[in-house]
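Take a look at the structure below.
Every read-out reported here was derived from the displayed coordinates using simple, explicitly stated rules and does not represent laboratory data. Computed from a predicted model, the values in this text were never measured in an experiment. Ideal geometry is used to build each Cβ from the backbone, glycine not excepted, and the neighbour counts take in all protein chains shown.
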Amino acid sequence: MRKFAVVQWVSGEDAGMYSEVKTEAIRKYDDTKMDDDGYPQTDSSAAVEWQKGKKPKHGWAVYMALIKFVSNNQFHTTAKIKEFLGLESAERNKPLPKKRA
């Protein structure tokens with residue numbers, strides 16, 4: 001099973017934004033629904049845990065997101081986010097902006 005995913009949030013305050021998450025944070029994640037290149041075979045949303053900081057006693061907040069790409073390599077997921085954002089090839093070598101806390 002691949003370890004990292006690029007998701008596009010469809011709900012919550014980050015709706016429309018891209019993030020990299022671990023596939024273990026995606027509820028009912030099924031790697032067989034992804035093609036050999038890491039793209040989903042069909043568009044569908046999934047419940048994704050927002051795993052930021054220490055886990056709260058009541059559990060992670062969950063938001064809906066589209067799974068856009070998966071990989072075993074974190075470098076590939078970062079590159080895909082830059083591609084999805086439409087960054088030019090020269091800009092793709094720069095780090096992504098810091099995430100909101």
Proxy reagent accessibility, fewest Cβ within 10 Å first, across MET34, MET64: MET64, MET34
Fewest-first ranking of PHE4, PHE69, PHE75, using other Cβ atoms within 10 Å as the exposure measure: PHE75, PHE4, PHE69
Burial order of peptide ranges 11-23, 46-58 (average beta-carbon count within 10 Å, highest first): 11-23, 46-58
Cβ-placed point charges (K, R +1; D, E -1), dipole of the chain about Cα centre in debye, nearest 20: 660 debye
Label-to-label distance, nm, for residues given as ASP43 and SER11 (7 Å Cα→Cβ offset): 1.9 nm
Equivalent-ellipsoid semi-axes of region 1-59, from the Cα gyration tensor, Å, largest first: 21, 14, 10
Sequence of ILE81, ILE67 once ranked by neighbouring C-beta atoms within 10 Å, starting from the fewest: ILE81, ILE67
Compactness of the chain, expressed as Rg and Dmax over alpha-carbon positions, Å: 13.5, 43
Selection from VAL10, TRP50, PRO40, by position along the positive dipole direction of region 4-93 (Cβ): TRP50
Computed FRET value (nearest 0.05) for ASN73 with ASP35, which takes r as the C-beta separation and R₀ as 25 Å: 0.95
